[in-house]
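> Before anything else, here's the structure in question.
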Amino acid sequence: MTSADTLKGFKRDGRVVIVGASLAGLRAAEALRDEGFTGSLTMIGDELGEPYDRPPLSKQVLTGWVPAGGTTLPRRRDINAEWLLGVPADGLDLATNHVHLADGREVPFDRVLISTGVRARPWFVETEAALDGVFVVRTREHADGLQRALASGPSRVLVIGAGFTGSEIASICRERDIPVTVAELAPAPLVGALGAVIGDVAADMQRAHGVDLRCGVKVTQLEGDAQGRFHRAHFDDGSTIDADVAVVALGGIRNTEWLRDSGLAAGPWGIACDTGCRALDLNGLITDDIFVAGDVARCPNPIYEYRLISLEHWVNAVEQAQVAAHNMVSAQADRWPHLSIPTFWSIQFGVNIKSVGVPTFADEVVVTQGSVPDRRFVAAYGYQGRVTAAVSFNNAKWLDHYRQLIETAAPFPPPCPTPDEPVDAKPVPVDFPGPRLLAQGATVVVTGHDPGERRVTAAWQHR
Amino acid sequence: MRVVVDLSRCQGYAQCAFLAPDTFRMHGEEALMYNPNPDDGQREQVLRAAAACPLQAILVEQLEGRDAPVGTSQS
Ligand SMILES: Cc1cc2nc3c(=O)[nH]c(=O)nc-3n(C[C@H](O)[C@H](O)[C@H](O)COP(=O)(O)OP(=O)(O)OC[C@H]3O[C@@H](n4cnc5c(N)ncnc54)[C@H](O)[C@@H]3O)c2cc1C
Ligand code: SF4
C-alpha cells in the first residue's frame, strides 16, 4: 500500500482522539470534519458540559451581565463525536497508542491531539486556599462563585496578582463600585507581559479609577475567621488588609502531569512541538501521530529565532487547532506550518488593550503614536534594531500596520505612520523582570555515549 | 442562541452594536462587549449584525443543540 492509500484509509475510517475538550479541542474537531475526516472522533474532557469560552468569564460574567453557564461556544458545524466528559485522561501510551482515563478505561487511537490547556495556579497554602471567599478564575464554576460573591456586596476585594486576569477583575470591582486592593510583587501591573513602561501606564490607570494598588509587595498569609471565612490578608512588609473576598490571579499551571511517563517533551513549560503542531518526544525527535494545540503547546516561532514559545492567547488556540487538524489528515508535503504573529486583547477600565508580536522578545520600547496621558496610543517593541511587537491602548486599528513591520523585520524604532507622533518619542530599555521563570521546572538528563544509544530521560521537579 | 466574537479581528467599528444593541455594546471608546448567549428572540438582529461586521468577526451557532454531549448541555 502506498502512503497515499494509507492516508486515504485513515481519513475514511481512522481513529482520532482529542484530549482536552475546550476551545482548541472543539475547533480542531470541526476542522477535522471540514477536511473530510469521516473516521471515529472521541472528545475527552475532565470538565462537564460542552466546550465554553473563557475570556467572557473575567469580563461579561463578572459584571453580572451574562450567567457563567451562558458562554458555551457556538458550533461551526456538526462534529459527530463520541464525548467522554467529566473524566480526566491520566496517561498516554505511545507503544500501544492508547489514552488511559482516570476511571480505568482505555481509548485506542491512530492519531491524538493534546489540548489540555492550563489550570489556575492555586494559593500556595491549601488550608488558606480553601477558606470561604478565596477564589481563582479559570472555569465557569469559578466565575459563577466569584460573581455571586461580588453581587453580595463585599466590603473590599483583594486581588492577588496584577496580570491581565487580575487587572480585569480589579476593573470590574470598580465598575461595580466595590472597594478593591490589588497586590503585585512586580513594580507595576502587567509588567511581566508588557514591561515597565506600559506597566507604569497601567498603574496610573488603576489608581485613577480608585484601585488601592500596592506594588512590590507579597501577600504572605490569608487569614480566616472562626467560621472559616477569609477576612484578612498579611503582607511581607508587616501590613494587613481586611477584605471579604480574595481573588488569586497568579497565572496558570500547564496540564501536563498526565503525560509524565509518556516519553513526550512535556513539563511545566508545556509540550514542545514543531510549527506543524507535531509533538516532540523527550529526545527532541518529532512524533508522527501526536499533535498539540492551544495553551498547553510550546511551539517554535521562526520570527523569534525559532524559540519555543507558549502563549495563553485565544487566537493562538484557534489557529493551532486549525493547523494541527489539517496536518493530522495531510501527507508530509501538504502540511502547514503555524507561522502567524501572536495577538492578544484585554478590556480593562474601559480601555481596549491589544498586542501583536511577542513583547517579551524585546530590549527597547517606544511610544510611536498618540498620547499616553489620554490612554490612546501605540507602543512599539524592538529587539536588536528590529520591530518585534506592538501594544495599543484604544488604538487597535493600527496593529495590522505593526504586524507587517514585524513580519518584514522592519528597523526599530519605526517611523510614525501618522502625524500624532509624541514629541518625546525616544526608545527606552524595555525592563522586564529577571529571567527567574526560565530557571523553573523540570530538566532532563542525557545518558548513553554512541549516537545510536544517546537518550534523554526526564527529571521531574515539583513546585 | 450562542455567539462568539473574535476580538482579535474586531476593530470596534460598532456596526453590530448599532444593529443588535441588546447583544453587542461598546465599552469605552473602542472595546466591544457582547452577550455570548442572547435570547432566541434576537436571532434576526444578531444574524444581521454578524453579516454586517466588516471583519467577519462574529460567529453565530449554526446548529443549535445538535451533537451535544448527552444531558450536559448548558444553554
Ligand atoms: C478568565 C480568563 C480570561 C481570558 N481572557 C482572554 C483574553 O481577553 N484574550 C485572550 O486572547 N485570551 C484570554 N484568555 C485565554 C484563553 O481563554 C485561552 O487561551 C484558551 O482558553 C485556550 O484554550 P485551550 O483549549 O488551549 O485550553 P483550555 O481552555 O484551558 O482547555 C483545556 C481543557 O482541557 C481540560 N483538561 C485538562 N487536563 C485534562 C486531562 N488530563 N484530561 C481531560 N481533560 C483535561 C481542561 O479542564 C479544559 O477543559 C482568558 C482566559 C481566562 C481563564
Ligand atoms: S461589527 Fe465587527 S468589527 Fe465592528 S464592533 Fe462589531 S464585531 Fe467588532
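> Ordering A:H234, A:H209 by how much accessible area each has at a 1.4 Å probe, largest first, what is the list?
A:H209, A:H234
> For the cross-link pairs A:K59/A:K397; A:K59/A:K426; A:K354/A:K426; A:K397/A:K426, which exceed 26 Å when the distance is taken from alpha carbon to alpha carbon?
Violating the 26 Å limit, Cα to Cα: A:K59/A:K426.
> Under the Karplus relation 6.51 cos²θ - 1.76 cosθ + 1.60, θ = phi - 60°, what is the ordered set of whole-Hz ³J(HN,Hα) values for the stretch A:4-10, x standing for Gly and Pro?
Karplus values, whole Hz, x for Gly and Pro: 5, 5, 4, 5, 4, x, 5.
> Per the 1.4 Å probe, what fraction of the accessible area of the protein assembly as shown, in percent, lies on carbon and sulfur atoms?
Within the protein assembly as shown, the accessible surface is 51 percent carbon and sulfur.
> Something else about it: Hey, any idea what the orientation-averaged projected area of the convex hull of the stretch A:182-229's Cα atoms comes to, in nm²?
On the way: hull surface 16.7 nm².
Averaged projected hull area, Cα only: 4.2 nm².
> Once amide H atoms are placed 1.01 Å from N in the peptide plane, what residues at a sequence separation of 5 or more from A:V247, or on another chain, have their amide H within under 5 Å of its amide H?
Under 5 Å from the amide H of A:V247: A:F135, A:L158, A:V159, A:I160.
> Another question, then. Using amide H atoms built in the peptide plane, which far-off residues or other-chain residues are under 5 Å from A:A265 H to H?
A:A272, A:L280, A:D281, A:L282
> Still on this structure, please answer the following. When ligands, DNA and RNA are left out and all protein chains stay put, how many square angstrom of accessible area per residue does the stretch A:82-207 have with a 1.4 Å probe?
On the way: 4840 Å² over 126 residues.
Accessible area per residue: 38 Å².
> Also, quick follow-up: Give me the compactness ratio for the stretch A:273-375, meaning the Cα radius of gyration over 2.2 N^0.38 Å.
Rg over 2.2 N^0.38 Å, computed on Cα atoms: 1.29.
> So for chain A: antiparallel DSSP bridges make up what percent, rounded to the nearest 5? Don't skip to the end; give the middle numbers.
Details: 61 of 94 bridges.
Approximately 65 percent, going by the DSSP bridge assignments.
> Within 10 Å of each Cβ in A:44-50, how many Cβ atoms from other chains are there, averaged over the peptide? Could you put the intermediate results ahead of the total?
Numbers: counts 0, 1, 0, 1, 4, 7, 9.
Mean shielding count: 3.
> Residue by residue, what Karplus-based ³J(HN,Hα) values in Hz, rounded to whole numbers, does the stretch A:312-319 have, using 6.51, -1.76 and 1.60 with θ = phi - 60° and x for Gly and Pro?
3J(HN,Hα) across the stretch A:312-319, in whole Hz: 9, 10, 4, 5, 4, 5, 5, 6.
> What is the log10 of I(q)/I(0) for the protein assembly as shown, computed with the Debye formula using one identical point scatterer on each Cα and no solvent, at q = 0.05 Å⁻¹?
Log-scaled intensity ratios, in q order: -0.20.
> Can you pull out the trypsin sites (Lys or Arg not before Pro) in the stretch A:59-155 whose DSSP state is coil and whose Cβ has at most 15 other Cβ atoms within 10 Å?
Passing both the DSSP loop test and the Cβ count: A:R77, A:R105.
> Bin by bin, in steps of 10 Å, what percent of the Cα pairs in the stretch A:133-200 do you find, going until the bin that has the longest distance?
Going from the shortest bin to the longest, the percentages are 21, 51, 24, 4.
> Still on this structure, please answer the following. How high is the relative contact order of chain A, in percent, counting Cα pairs under 8 Å that sit 6 or more residues apart?
For chain A, the relative contact order is 13 percent.
> Based on the mean of other Cβ atoms within 10 Å per residue, sort peptides A:172-182, A:33-43 so the most packed one is first.
Final packing ranking: A:172-182, A:33-43.
> Right, another one. Select from the stretch B:15-65 those GluC sites (Glu not before Pro) which occupy a DSSP coil region and have at most 16 other Cβ atoms within 10 Å, ordered by residue number.
Taking the stretch B:15-65 and a limit of 16 other Cβ atoms within 10 Å, the loop GluC sites (Glu not before Pro) found are B:E29, B:E64.
The values are calculated or read from the model by the stated rules, or taken from the named source; none is laboratory data. These numbers come from a predicted model, not from an experiment. Cβ atoms come from the backbone with ideal geometry, glycine included; neighbour counts cover every protein chain shown. Ligands, DNA and RNA are stripped out before the accessible areas are found, and what is left, the full protein with its side chains, is counted by its heavy atoms. Shrake-Rupley method; radii C 1.70, N 1.55, O 1.52, S 1.80 Å.
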